[in-house]
Amino acid sequence: MHSVLITGGAGFIGQNLVHAWRAARPADRLTVVDAMTYAANIRTLESMIARLLSYYGRV
């Protein structure tokens with residue numbers, strides 16, 4: 001099991017990465033950080049939000 005930090009996880013590319021990573025490696029711990037700007041859409045992650053650590057912020 002690995003711990004993975006994904007920045008921009010609520011954006012178009014980031015949310016696709018989150019879904020692909022979760023499908024390929026379900027045991028890994030994913031942490032998502034996003035600034036929630038105009039490009040972010042947190043609803044795309046609702047189905048797996050219970051299995052993610054999510055943070056609002058900038059890196």
Every residue from segment 19-56 that is among the acidic types (Asp, Glu) and exposed (fewer than 14 other Cβ atoms within 10 Å of the Cβ): Asp28, Glu46
Which condition breaks for Met1 when tested against (1) aliphatic (A, V, I, L, M); (2) surrounded by fewer than 15 Cβ atoms within 10 Å (Cβ to Cβ); (3) not in a loop (DSSP other than H, G, I, E, B)? (3)
Those residues of segment 1-34 which are free of Cβ contacts under 8 Å to residues at least 24 places away in the same chain and of a type in the set (A, V, I, L, M), in sequence order: Ile13, Leu17, Ala20, Ala23, Ala24
If Val59 meets every condition in (1) surrounded by 10 or more Cβ atoms within 10 Å (Cβ to Cβ); (2) touching a residue at least 40 places away in the same chain (Cβ under 8 Å); (3) not acidic (Asp, Glu) apart from one, which number is that one? (1)
Can we say Gly14 is open to solvent by less than 80 Å² (accessible area, probe 1.4 Å) and at positive phi? no
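Listed here are the residues, each with its yes/no results for (1) modelled with pLDDT of 90 or more; (2) assigned to a strand (DSSP E or B); (3) in contact with a Phe, Trp or Tyr (Cβ under 8 Å, 6 or more places away or on another chain).
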site: Leu5; (1), (2), (3): yes, yes, no
site: Gln15; (1), (2), (3): yes, no, no
site: Ala20; (1), (2), (3): yes, no, no
site: Arg43; (1), (2), (3): no, no, no
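The values are calculated or read from the model by the stated rules, or taken from the named source; none is laboratory data. These numbers were taken from a predicted model, which means no experiment stands behind them. Glycine also receives a Cβ, built like all others from the backbone with ideal geometry; neighbour counts cover every protein chain displayed. Calculation scope for accessible area: heavy atoms of the full protein, side chains included, ligands and nucleic acids excluded. Shrake-Rupley method; radii C 1.70, N 1.55, O 1.52, S 1.80 Å.
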